[in-house]
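The values are calculated or read from the model by the stated rules, or taken from the named source; none is laboratory data. Fair warning: this is a prediction, and the values are worked out from it, not measured in the lab. With ideal geometry, Cβ positions are generated from the backbone for all residues, glycine too; neighbour counts draw on all protein chains shown. Surface areas here come from the heavy atoms of the whole protein model, side chains and all, with no ligands, DNA or RNA. Shrake-Rupley method; radii C 1.70, N 1.55, O 1.52, S 1.80 Å.
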Amino acid sequence: MRKIHVIGIGAGDPEQLTLQAVRALRSTDVFFILDKGEVKSDLTRLRRDMLDAHIPEGSYRLVEARDPERDRKAGGTAYSPAVGDWRSARADIYERMIAEELGEEETGAFLVWGDPALYDSTIGILEEVLERGAVDFEYDVVPGISSVSALVARHRTGLNRVARPVQITTGRRLAEGFPEGVDDVVVMLDAQQTFRQYADQDIDIYWGAYIGTPDEILVSGPIAETAPRIERLRAEARERKGWIMDTYLLRRHPEG
């Protein structure tokens, strides 16, 4: 029976690898990596650096494939079908790599940024591959330090306040309105900088980009004061690197 590890490798800092993750790395014969293109080649390099730091050279194989493009312009009712098409295209690649590159008695692994359970598609895609029935394997999941955990740690704050809930959502959802009954909201996958929509409210923002990497940028303070600076830093970073990964926490002050 083929085996697969889905390994959370943290937000970018190689020191965020857990002991469980390192143990899983050392039991892997084949690492599957989806290349996102030359612009994001430093992401692939970070993965390679982690492997070099923890596994003897020559004890494993790397299998790379090009990540399929996703229709990022699709919005409204077209958004979910576009994501579904992209995930199915990824499933095609996963199925082929596992069937052709992983021996019956070998162990493969997918290295997942942050935590595999938080806004990542790897688990769902592997389930889709299994449902197709063309290739059989068993898999386990190794949790990782998410960008959410890393963000609040770097800002030296907590996710929630005493006896209060916290919600994790996306920029698309935040654009529909601030969640009801919640004053602490973590926002991921926000290419539109939706926090600007709340610049007239009494809300603090804790923002971070490239968290855990040498390019890390951190900004915090009232949205009204920090939004212009975040916009400028974000634009400069995206221009310099060609891509950006950022996350932020919005903390609304209670009225009165």
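Numerical summary
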read-out	value
Residue count for the stretch 34-49, restricted to those that are of a type in the set (D, E, K, R), within 17 Å of the chain's Cα centre (by Cα) and modelled with pLDDT under 85	5
Meets criteria (surrounded by 15 or more Cβ atoms within 10 Å (Cβ to Cβ), more than 23 Å from the chain's Cα centre (by Cα) and in contact (Cβ under 8 Å) with a residue 24 or more places away in the chain) for residue 248	no
Positions within the stretch 10-33 being modelled with pLDDT under 90, open to solvent by 20 Å² or more (accessible area, probe 1.4 Å) and not in a helix (DSSP H, G or I), in sequence order	13
Yes/no for residue 201 being under 28 Å from residue 255 (Cβ atoms), assigned to a loop (DSSP other than H, G, I, E, B) and not small (Gly, Ala, Ser)	yes
Residues of the stretch 182-197 satisfying the condition of being part of a loop (DSSP other than H, G, I, E, B), more than 20 Å from residue 222 (Cβ to Cβ) and touching a strand residue (DSSP E or B) at 6+ places or on another chain (Cβ under 9 Å)	189
Failed condition for residue 208, given (1) in contact (Cβ under 8 Å) with a residue 24 or more places away in the chain; (2) assigned to a helix (DSSP H, G or I)	(2)
So residue 156, is it at negative phi, in a loop (DSSP other than H, G, I, E, B), without any contact (Cβ under 8 Å) to a residue 24 or more places away in the chain and open to solvent by 20 Å² or more (accessible area, probe 1.4 Å)	no
Options 227, 237: the member that is open to solvent by less than 60 Å² (accessible area, probe 1.4 Å), touching a helix residue (DSSP H, G or I) at 6+ places or on another chain (Cβ under 6 Å) and part of a helix (DSSP H, G or I)	227
Any chance residue 52 is under 29 Å from residue 216 (Cα atoms), in contact with a Lys or Arg (Cβ under 9 Å, 6 or more places away or on another chain), modelled with pLDDT of 80 or more and of a type in the set (Asp, Glu)	no
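For every residue, the table says whether it meets (1) in contact (Cβ under 8 Å) with a residue 12 or more places away in the chain; (2) basic (Lys, Arg); (3) part of a helix (DSSP H, G or I); (4) open to solvent by 30 Å² or more (accessible area, probe 1.4 Å).
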| residue | (1), (2), (3), (4) |
| --- | --- |
| 62 | yes, no, no, yes |
| 70 | yes, yes, no, yes |
| 81 | no, no, yes, yes |
| 90 | yes, yes, yes, no |
| 95 | yes, no, yes, yes |
| 108 | yes, no, no, no |
| 111 | yes, no, no, no |
| 116 | yes, no, no, no |
